[in-house]
Amino acid sequence: MINLPQIGLTFTDGDEWEEFCQSCLKIKHQHNNFKSVPADDGDGDCGLDGFNSIGDAYQCYCPEKEYTDKELYEHQRDKVTTDIQKLYDYKVKLKKILNGNKIKTWHFTTPLLKSKQLIHHCNTKEKLVKSWNLDFIDDDFQIGLKDYEYFLPEIPLVISSSKVLYPMNSRGIDFPAEEPSSQLIEDYKATYENNKFVENGLRKNEKLFSKVDGKDYAENIIKLTDSNIEYNIIGESILKLWSNAYDKQYEKFVRVRKTLEKRIKHESLIPVANNPEKLKEIKEIVKEALNNEFPHFLSESNKEELTSYLVSYWVLECSLDFS
């Protein structure tokens, strides 16, 4: 299993990684006649998982587990060595498959690349392949190393269109956010710029509790405000990962957020008889909007976390108030 928190995806095995790569490549090379090479006749994939008409060939590899950097390099090195040799061992079969197309770049696609040594190893293998003088290998043959970043433009399209096999498309992209410690929450409250947030939270959360029963809810109000701050910290960390990995989809989220904020501000002006019920209704509105706008893109966990974040932020920042 390989976890890529940078883009919110996890790959449980090589088959899942290959299916993901194939889906991305069909989009990336939709105008260059990309063709997959199935491994279905006992000979494997002949060192090729797919190719296009302009000289790109692809071979996919996903490590079986989380390795050290040294172990990862050794496994990747051995995989490159084994699969490059297949270009020669299956030269007759590959010539028929390629049908006149030449391989200019053989791309080794793997979730993570962590060693410069792999570049040196590939340089050596480039010279070896050229020495074979195969008629389906271009004179300027190269080996390309591609990690998950190569597919960043295609990932949102693949996830949104549900083209990735189960279980990945059922999870959606999941940006992991650690639970903030009690100390982090206290540090957040102590900074000058966030003092106003705390004051707003205490004032507004007080309106969620009935004064008729005569009970003292001061401690509950403080805990509720601390929860707002916790959700705010978690949400900001998710958005940072999201904006760094998928800027176009993040821009869409910003637009959705602005639209919701205007609606919440408007509805906050109208007096209601039951503030807790109003808060629950607002949360449902936000969750429904995230489900509609990002049905496959975001994991259910992230939708829940971002719903809590948005509502908490509006409470702390003042967009959301209670009568």
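Points worth noting:
- Residues of the range 205-221 that turn out to be buried (at least 16 other Cβ atoms within 10 Å of the Cβ) and among the aliphatic types (A, V, I, L, M), as a count: 2
- For Tyr88, the requirement of being over 21 Å from Glu19 (Cα atoms) and of a type in the set (Phe, Trp, Tyr) is met.
- Restricting the first member to the range 257-280 and to residues that are on the phi > 0 side of the Ramachandran plot, and the second to residues that are surrounded by 14 or more Cβ atoms within 10 Å (Cβ to Cβ), no beta-carbon pair is closer than 8 Å while six or more apart or on different chains.
- Matching residues in the range 1-21 - criterion: being out of contact with any Asp or Glu (no Cβ under 9 Å at 6 or more places or on another chain) and closer than 17 Å to Leu48 by Cα: Asp15, Glu16, Trp17, Glu19, Phe20
- Any hit, the range 89-107, residues being aromatic (Phe, Trp, Tyr) and farther than 26 Å from Thr68 by Cα: yes
- Residues satisfying the stated conditions in the range 80-101, i.e. of a type outside the set (S, T, N, Q) and surrounded by fewer than 17 Cβ atoms within 10 Å (Cβ to Cβ): Tyr88, Asp89, Lys91, Val92, Lys93, Lys95, Lys96, Ile97, Gly100
- For the residues Glu305, Glu267, Glu251, the requirement of being exposed (fewer than 14 other Cβ atoms within 10 Å of the Cβ) and of a type in the set (Asp, Glu) singles out Glu251.
- Selection of first residues in the range 191-202 that are closer than 18 Å to Tyr309 by Cβ and of second residues that are crowded, with 16+ Cβ neighbours inside 10 Å and of a type in the set (Phe, Trp, Tyr), restricted to Cβ pairs under 8 Å at least 6 apart or on distinct chains, gives the following pairs, ordered by first then second residue: Asn194/Tyr188.
- Exactly one residue among Lys79, Lys35, Lys95 is over 14 Å from Tyr150 (Cβ atoms) and either of a type in the set (Asp, Glu) or out of contact with any strand residue (DSSP E or B) (no Cβ under 8 Å at 6 or more places or on another chain) (or both), and that residue is Lys95.
Throughout, read-outs are computed from the coordinates displayed, never taken from laboratory work. Remember, predicted model here, so these are calculated numbers, not experimental data. Glycine gets a Cβ as well: all are built from the backbone with ideal geometry, and neighbour counts include every protein chain shown.
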